[in-house]
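Encoded as structure tokens, the structure appears first; notes follow it.
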Amino acid sequence: ERQATLGSLVPIVAHNIRNPLASIRATAQVLRDPGLAPEMREGLQGIMDSCDRLERWTVSLLSYLHPLEAQRQDTALVPLITDLMTMTEPLAQHRGVRMMLQDPQAMLSASIDPELVEQALHGLLVNSIEASPPGGAVTLALSSDTSRIVLTLCDEGPGLPAAPETGKLTPGPTTKRTGTGLGIPFALKVFEIHGGGVQFTLRPEGGTQALLWLPLS
């Protein structure tokens, strides 16, 4: 019942997001005058880029009403992850949480749908930041073996309230008062359709570790 309700709200929410997004982007574009200081032009360009990203995500959100299909292309993973870290840095700073990417020079790529994977990782990264206490750290690391690429995401939060259920894009438990419970199920589904997977474990020192893997290109 909850999933049906969310499904009926998706087109309404998407419509109500896209209209103000278009206005925000247009305003930033008009204000981005060549005579502005470089840092102001960079800030306005960041607003435009974020609006473009949210527009793509909103279009993808509408596609969730249908079976997910990956539009694959060879994608470098470190730039994708560093872009996500840049996007979530204001939230991390606000909450007093440090983010670190180990071995940021790793030359790893995978055949993925970059928008779907970006959205899935964004949700998990935000969860990790919001779960970690002030002064805590969120750590990301990329590695590979003979058959797969592995992204490890660790936080210092209290851990998940329940084990996620694989194979279904249905709301799961959430500790957020305004959460939908869809972030983790969506990530599980995205990595599953890419031939990969996600595994969550509690860290002995506290916090949650997420192992996310994809097949090598």
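Summary table below
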read-out	value
Calculated from backbone phi, Karplus (6.51, -1.76, 1.60) coupling profile of region 87-101 in Hz, x at Gly/Pro	5, 9, 4, x, 5, 4, 5, 4, 8, x, 10, 8, 10, 9, 10
In nm, spacing of pseudo-spin labels at VAL13 and GLN73 (7 Å Cα→C-beta vector)	2.7
Pairwise label distance in nanometres, SER147 with LEU202, each label 7 Å out on the Cα-Cβ vector	3.0
Where a label projected 7 Å from the Cα of ARG56 along Cα→Cβ would reach, residues of region 91-117 with amide N under 14 Å	112-117
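Coordinate-derived values only; no laboratory data. Small disclaimer: the values here were computed from a predicted structure and weren't measured. No Cβ is skipped: glycine too gets one built from the backbone with ideal geometry, and neighbour counts run over all protein chains shown.
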